[in-house]
Structures are given as structure tokens and as C-alpha cells.
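Reading through the C-alpha cells given below for one structure.
The values are calculated or read from the model by the stated rules, or taken from the named source; none is laboratory data. Since this is a predicted model, take the numbers as computed values, not measurements. Neighbour counts run over all protein chains shown; Cβ positions are idealised from the backbone, glycine included. To get the accessible areas, we keep the full protein, side chains included, count just its heavy atoms, and leave off ligands, DNA and RNA. Shrake-Rupley method; radii C 1.70, N 1.55, O 1.52, S 1.80 Å.
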Amino acid sequence: MAGSSTTWPSGSVARLNRQASRQAEVALAAYASLPEKSRGRRVPEAPAPDRNAFQRDRDRIVHSTAFRRLVYKTQVFLNHEGDLFRTRLTHSLEVAQLARSMARGLRLHEDLVEALALAHDLGHTPFGHAGQDALDACMKSHGGFEHNLQSLRVVDVLEQRYPDFDGLNLSFETREGILKHCSARVARHMESLEPGGVAHRFVAGYQPSLEAQLCNLADEIAYNAHDVDDGVRSGLITLSQLMSLRLVRHFHDEAVRDHPGLPGMGRRRLLSEVLRRMLSAQVHDLMATTRARLARARPADAWQARQGPALVAFSPSMRESITELKRFLFRALYRHDQVVAQTQRGKTVVHELFEVYAAQPAEMPAEYAQRSDVHRAAADYVAGMTDRFAMREHERLTGRRLFG
Ligand code: MG
């Protein structure tokens, strides 16, 4: 039995971890982002003993409040419409899984990719893009609202969990990758606050890290596939409609050729097999195209890889097929009457909540009510809400119930 003299083998575990992480890093490509070359954190911190800087970022993101709220935020279908639809949380996990396996194949830094994937939607409002559009309209004369910028605000400012700083104090590379897009106006403003900082690439015109590029395309692969899946599950789109798309038709025919009994085994199984093949084809296309581009460009390091055109990419023909699929989803699903009717209600909720809080800040929790910029406080508060909390709060403040 273990006596009081027993010690946990922490020394040897730590040594094994260090060996494992060194081995992992030996296998990284020259153009991978390296945590030991990180530009650091805004508030300097001692390195963690057994985790690299990007692992630590990933862990902080997973433990954040904003991350937990993603489970109750809409992707396309409102969270309460069904238990099987994707939410922002399951979407983020799917993106992380895709991005990590591609990162391993391309010898990029998996931990950075994972941190970026898990954080990429933290700034999304309730009710999906409709909520973001509504909040942007509310904030039109108060600096606007952009969800990528909001994701950065969440990790830089809004999470309050640490004694020494606001936000999560993430590494520069993670913060920079989170800021996927921003308008020229916002980029110039951010550059004035943090010269050479996370918005510098939008002003100076260079690419995000290869890890960030990969994460953006993994996001696209994930949502195209799962929106088709959820769209068919909801009954708003059908497989026969989808057969007009070359990507779907090709993999449907291939799947049926390989498994002639498949069409008789139920629509779900057939659709799953088509989607699985489509997803693999996009992953393999991206990996092959990216490898060829890297071989041509031969970047000596992560910084050189960011000059010139983006190196992580689909082939032109795959890009064309994906564009066709996206156009279809836009027309047939995102603009479907039923989806629009729901998101319209979401917009109303966001808009009216914002109006109430801006006029009566005391209706917000103290940490928001006490801020001097009441509009930004209201936008931050509303943006952080889950769908169902926003609905409840809207009913409390207006006495109207917009959702069944
Ligand atoms: Mg996303």
C-alpha cells in the first residue's frame, strides 16, 4: 500500500512529456508556427512547466465561459428547434477535429490550430448571423459590431477569470489568428492602439499564419457538410435537390457504385456516406494543393510563408464545386422562408434587447451597467447571450414572447 513516503512520479512524467513534445516538434515543418518563437502575451507570464504556449491557450479557451455558452448558440437552426442540429459548440469541435488532422498531415502546429478552431466562433451573437447583423445595425453610429473582432474582445477583455489581467492573455499568434477579417477602418484603428499588432496584416497586406489559413478552410469544409446534413434532417432541403450539385452527384454515384444496396438502406445512411466522401475529397484536395504550393514556394520559416498569396488552398476545380454548393445552401437553406422567419424573430429580440439596455443600463448586470460606454456595454452583454437566455430576457423586459 502507498505510505506517506510515496511520491507521485511527477518528475518522470514531466520528463516524458518534454521528450514527447520535443519529438513532436522535430516532426514539424520549417514553416510551422513555433510556440518557442511566440511574440508572447500582452501581460508577460512564466512559461507553463509541461505545456507549450499554444496548448496553454487552447486550455484557457476550453475553460472559458464564452466557450461553454457555444452549446446554446445557433449555427443555422435555432438551438431549441431540435436536439440533433449543430450548435456553435459542436461546429467548433468539428472544425478542430478537421483542422488538427490536416495540420498533422501538413506538419503544422496542431496545438495552435486547435486553439484557433475552438476560439473562432467565441464572438458570435445569439441567433447566428441574423443576431450579428442586428447588433451591427444597432451599433452603426457607435463603432459597429463584427463577430471576428468580438471573438478577440472575448479573449482580450471580456473573460474575467484571472487576478492579473482581463481576458485570457493568449499568445500573440492565437490572438492574431482569431482576427480572421476586419474592415480597413477597424484595422487602422487597432493598428493605432497596438502598432505592428494583430491587425497589422490587414494594413500591410500579408497572409495570416498557415495554421490560421488552415483553420479558416476547415471551418468552411465543416459548415458546408453539416449544413447539408442538418438541412436534409430538417426537411427543408432534399437529396434530390442536392443532386443538381456536381460534388453531391459525383459522390452519390460513386457511393452507389461501390455499395449497390445502399439506396435501399435508408436515406440517412446514403446521405451520411455521400457527405463522408465529399468531406474526405475536400480534405485530400486541400492537402495536395497546399503541399504542391509549399513545394513551389519553399518558405524557410513561418514568417516567409505569409508573404505572397495564401499557401493553404483548394484546387481551382474543388473551389468551383464548393462555390456551387455554397450558392445552393444560400438560396435553398439560409434564405428558406422557415429559416428566415425564425432568424427574423431573433433579429427583433437582439434589437429590442439592445434598445432596452442602452436606455436603462441598470437592467444589465453591474459589470456592464457601470461601464462608461453604454452602447458597447449593451452590445457586449447581448453578444454574450445564448439563444434561450436572450429569449427569456426579451420576454422579461418587453412582456412579449416571440418564440413558442
Ligand atoms: Mg465557424
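Please work out the Cα center distance from the range 228-297 to the range 325-404, rounded to the nearest Å. Rounded to whole Å, the Cα centres lie 35 Å apart.
If the viscosity is 0.890 mPa s and the temperature 25 °C, what translational diffusion coefficient in µm²/s does Stokes-Einstein give for the range 210-334 when Rh comes from Kirkwood over Cα pairs?
156
Along each principal axis, taking the top coordinate minus the bottom one, the Cα set of the range 346-404 gives 36, 19, 16 Å in descending order.
Would you work out the charge dipole size for the range 344-396 about its Cα centre, treating the Cβ of every Lys and Arg as +1 and the Cβ of every Asp and Glu as -1, and quote it to the nearest 20 debye? Computed about the Cα centre, the dipole is about 140 debye. Heavy-atom accessible surface of the chain, averaged per residue, reaches 48 Å², computed with a 1.4 Å probe. Computed in the context of the full set of protein chains, the accessible area of the chain at 1.4 Å probe radius has 53% of its extent on carbon or sulfur. When the C-alpha to C-alpha distance is required to be over 29 Å, the pairs from Lys73/Lys140; Lys180/Lys347; Lys37/Lys326 that qualify are Lys37/Lys326. Summed over all non-identical Cα pairs, the Kirkwood treatment of the range 261-364 gives a radius of 18.5 Å. Sparsely packed loop sites in the range 256-355 (the chymotrypsin sites (Phe, Trp or Tyr not before Pro) outside DSSP H, G, I, E and B with at most 15 other Cβ atoms within 10 Å) comprise Trp303. If you take the alpha carbon atoms of the chain and fit the smallest convex hull around them, that volume is 200 Å³ per residue. Highest GNM mean-square fluctuation among Ala255, Ala53, Ala103, for the chain modelled with Cα contacts below 10 Å: Ala255. Considering only Met243, Ala366, His189, the residue lying farthest towards the positive end of the dipole of the chain is Met243, judged by Cα position with unit charges set on Cβ. Calculated mean residue ellipticity, 222 nm, the chain: -18500 deg cm²/dmol, from DSSP H runs (n ≥ 4) at -39500 (n - 2.57) each, averaged per residue and rounded to 500. Among the trypsin sites (Lys or Arg not before Pro) in the range 112-213, those located in a DSSP loop and surrounded by at most 14 other Cβ atoms within 10 Å of their own Cβ are Arg161.
Only Cα pairs under 8 Å and 6+ residues apart enter the sum, and on that basis the relative contact order of the chain stands at 20 percent. Convex hull volume of the C-alpha atoms in the range 101-249, normalised per residue: 168 Å³. Among the GluC sites (Glu not before Pro) within the range 142-201, not one is in coil by DSSP while having at most 12 neighbouring Cβ atoms inside 10 Å. Taking the Cα centre of the chain as reference, the dipole from Cβ charges on Lys and Arg (+1) and Asp and Glu (-1) amounts to some 720 debye.
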